[in-house]
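Undergrad: Sharing a structure below in structure tokens format, with a few things to ask.
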Amino acid sequence: MGVKPDPAPRVDDCNSQINQWRGTATNPPRGADPVSSAARSLWLLAPRTTVSALMLLVLAALFGAGALTVTRAFQAENRARQDMTEARDTLAQVNDLMLILYEAESAQRGVLLGDGAEVPAFRAAQAALPAAAGQMQASLDRAGGDLSVQGRRLRDLAEQRMAEMSATLTALTDTSPRSPMAELRKVSDAIRREQRALMDAAYRQADAERLRAKRTLGMIGLSVLGLMALAALLAFRAARSESRMRYMREIAVQRDRADLVSHELSHRVKNLFAVIMSIVSVTARSETDPRLAAQKTRSRIQALARAHELSSGQNLMRTALFGDLLDAVVRPYCPPGATLRCSGPSLVLPARLLTPMGLIFNELATNSVKYGAWSSQSGTLTVDWTFASDKTLTVVWQEQLAETGTPQPGREGFGSTMIDLSLQQAKAMMERRWGNTGLTATLKFPFSSAEKVEAEAATGKD
Amino acid sequence: MVVEDEALLALDLAMTMEELGAAVVGPCYRLGAALDLVSRMKIDGAILDVDLNGETVFPLARYLDEQGVPFVFHTGRADPASLLEAFGRARICTKPSTPERIAACLAEALADADRGSDNDNYAPAYVQDGSSASSQQA
């Protein structure tokens, strides 16, 4: 109870410090809700699967229809060919029969004209007739209907004619009338016509079938083309909606980033106001002269403003370079004729260091103007810094008085309290030595590993 | 107890509280140090900055809540409502607030704690005088 550690408890045992930016950046983005986006993509996918199934069904139906049409066309073709073959055979048989009859007739004439050698030819024709007539009639019977009747008639007439010729030859008289021959020719012509008509009909039917098949195939082709166009359209639309979604996601990410940055900025501004208020009240508390108090307050607020001005670029995550900070905070105090030399590697500072560093170097510069190298017009201030592999920024602040004399440590005012406080805030250490030529201060600022990575990445780019 | 990562602000708060008669524990700049301190000593009230260099002060706030120690959040956060959701009894001073205003808030919180937990009315009435916090250990 009532214990008052002075000035503050050791903070070395604190949890490892997390870079403020990294900490806030790991929060999940507010706009992108993974559940709703998954549902959205599912919703987009569902109609596409239905359409695909429908398209498959239609394709299958079209294929069935195509196959049926082609089969039917082939069957018709085959039938027509068979009909044609049959008709050709029948005609050949009719011709054979007629040939036998002509043969018999010419042989019979020969016999009648006194050529007895022709008798065997006639007998051969007579013997061949029944078989040929039988074959022909069988063929015409297969064709059926009228042809069958005609065939029987042809056969009867042929046999009748053969019998007549045989009788005349036997009586050696030729009294047979010419009419049965003419009748024969008429019948065979009728059969030929009939067969030709049948053939024509078969051809016509085959042509019609082929035309129908062509039409169906054309329709199938058109449908396939249409389906392909539809599929292409769907794919195009899917790609477009996909790219639109990507675009929306990108916008959401950017908006979240902007939100984050604006929140951070607002937070920082409020914090800075609070710090400014405390600068005013703390300075006023330690300074009795109101004019001096106002002056000190102004200079401290100005240092703070300068340090933070550097970080107000577009990217809040990247803050200021250490060299720029020194330039902004320290150089304004450099009196005309005096010298400021700064050298060190390009190094990006983490945001948390801006306020304490601004205040520390402001106090150091103020002291230099009051009591140190810059108290005369030809003094020199040299600031060198190095960034070691152990993630420590080491700054050597060396003052070179114009004329060597007794250096004045200056009074331990509130300025040094402010330095101590800021050092604590930055977890930094400072060692001060007063030599012949003035103050030499060595400051060590430890960086966290995340800050170091960031610093190195950014430094490498510069 | 003062927990605040801005050193100057912490100093200002601590000095103001001391001027008002409180014995100040801290200021603590980091959560770890603050948690260590409260585990070793008893405190009567606390002023807590919410964001401590990337960490939140919530583990400490929960601990104090469990112990029945009243506290005031001093924060630049834009959403005090979410703080009230998590810590119903807490009082909130948005940054920037004068140390006197913060002290008044803490005094109210201490008064509420004294009245007992049956009083659920925490209207943030502005208390003009921070002297009610005197003789308390803040």
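Undergrad: The conditions are (1) over 53 Å from the mean Cα position of the chain (by Cα); (2) farther than 30 Å from B:THR16 by Cβ, and A:GLN254 fails exactly one of them. Which is it?
TA: Failing condition for A:GLN254: (1).
Undergrad: Taking B:ALA107 as the residue in question, decide whether it is at pLDDT 80 or above and buried (at least 20 other Cβ atoms within 10 Å of the Cβ).
TA: In short, yes.
Undergrad: With the condition kept exactly as written, say whether any residue in segment A:112-128 is of a type in the set (Lys, Arg), assigned by TED's automatic domain parsing to the domain that holds A:ASP189 and under 30 Å from A:MET84 (Cβ atoms).
TA: no
Undergrad: Considering only residues that are away from chain B (no Cβ under 14 Å), farther than 12 Å from A:GLU363 by Cβ and modelled with pLDDT of 85 or more, which ones fall in segment A:393-431?
TA: Listed by number, the residues that qualify are A:LEU393, A:THR394, A:VAL395, A:VAL396, A:GLN398, A:GLU399, A:MET429, A:GLU431.
Undergrad: Among the residues of segment A:232-243, how many are touching a helix residue (DSSP H, G or I) at 6+ places or on another chain (Cβ under 7 Å) and aliphatic (A, V, I, L, M)?
TA: Of the residues in segment A:232-243, 2 are touching a helix residue (DSSP H, G or I) at 6+ places or on another chain (Cβ under 7 Å) and aliphatic (A, V, I, L, M).
Undergrad: If you don't mind, there's one more thing I want to ask. Among the residues of segment A:345-377, how many are of a type in the set (Lys, Arg) and within 59 Å of the chain's Cα centre (by Cα)?
TA: Adding up the residues that qualify gives 1.
Undergrad: With at the interface with chain A (Cβ under 9 Å from one of its Cβ atoms), without any contact (Cβ under 8 Å) to a residue 60 or more places away in the chain and surrounded by fewer than 20 Cβ atoms within 10 Å (Cβ to Cβ) as the only criterion, which of B:GLU6, B:GLU55, B:GLU18, B:GLU66 stands out?
TA: B:GLU18
Undergrad: Could you list all residues from segment A:342-383 that are in a strand (DSSP E or B) and over 24 Å from A:ALA426 (Cα atoms)?
TA: The one that is in a strand (DSSP E or B) and over 24 Å from A:ALA426 (Cα atoms): A:THR380.
Undergrad: Could you say whether any residue in segment A:103-126 is closer than 30 Å to A:ASP200 by Cβ and over 60 Å from the mean Cα position of the chain (by Cα)?
TA: no
Undergrad: How about segment A:328-341: which of its residues are in a helix (DSSP H, G or I) and within 26 Å of A:LYS391 (Cα to Cα)?
TA: Passing the criteria: A:ALA328, A:VAL329, A:VAL330.
Undergrad: Another question about this same structure. Any idea which of (1) in the same structural domain as A:THR50 (by TED's automatic domain parsing); (2) surrounded by fewer than 13 Cβ atoms within 10 Å (Cβ to Cβ) is the one A:GLU250 doesn't satisfy?
TA: (1)
Residues checked against (1) acidic (Asp, Glu); (2) in the same structural domain as A:LEU359 (by TED's automatic domain parsing); (3) over 30 Å from A:ASP327 (Cα atoms):
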| residue | (1), (2), (3) |
| --- | --- |
| A:MET219 | no, no, yes |
| A:VAL224 | no, no, yes |
| A:SER241 | no, no, yes |
| A:MET245 | no, no, yes |
| A:ASP259 | yes, no, yes |
| A:LEU272 | no, no, no |
| A:GLN295 | no, no, no |
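Undergrad: When you look at A:GLN93, is it in contact with a helix residue (DSSP H, G or I) (Cβ under 7 Å, 6 or more places away or on another chain), of a type outside the set (A, V, I, L, M, F, W, C) and modelled with pLDDT of 85 or more, yes or no?
TA: Against the criterion (in contact with a helix residue (DSSP H, G or I) (Cβ under 7 Å, 6 or more places away or on another chain), of a type outside the set (A, V, I, L, M, F, W, C) and modelled with pLDDT of 85 or more), A:GLN93 qualifies.
Undergrad: Those residues that are small (Gly, Ala, Ser) and within 11 Å of chain B (Cβ to nearest Cβ), I need them from segment A:251-283; list them, please.
TA: A:SER262, A:SER266, A:ALA274, A:SER278, A:SER281 - these are the residues of segment A:251-283 that are small (Gly, Ala, Ser) and within 11 Å of chain B (Cβ to nearest Cβ).
Undergrad: Among the residues of segment B:32-44 satisfying the criterion of being closer than 18 Å to B:ALA90 by Cβ and either surrounded by fewer than 24 Cβ atoms within 10 Å (Cβ to Cβ) or more than 15 Å from the chain's Cα centre (by Cα) (or both), which is farthest from the other protein chains (Cβ to nearest Cβ)?
TA: B:VAL38
Undergrad: With (1) in contact (Cβ under 8 Å) with a residue 24 or more places away in the chain; (2) under 23 Å from A:GLY415 (Cα atoms); (3) of a type in the set (A, V, I, L, M) as the list, and A:ALA320 as the residue in question, which single condition is left unmet?
TA: (2)
Undergrad: Here's another thing I want to ask about it. So how many residues does segment A:241-291 have that are among the charged types (D, E, K, R), under 21 Å from A:GLY415 (Cα atoms) and modelled with pLDDT under 80?
TA: Residues in segment A:241-291 being among the charged types (D, E, K, R), under 21 Å from A:GLY415 (Cα atoms) and modelled with pLDDT under 80: 2 in total.
Undergrad: Looking at (1) at pLDDT 85 or above; (2) surrounded by fewer than 23 Cβ atoms within 10 Å (Cβ to Cβ), which one does B:GLU85 not meet, given that it meets all the others?
TA: The number of the failed condition is (1).
The values are calculated or read from the model by the stated rules, or taken from the named source; none is laboratory data. The model shown is predicted, which means the values in this text are computed figures rather than measured ones. Glycine gets a Cβ as well: all are built from the backbone with ideal geometry, and neighbour counts include every protein chain shown.
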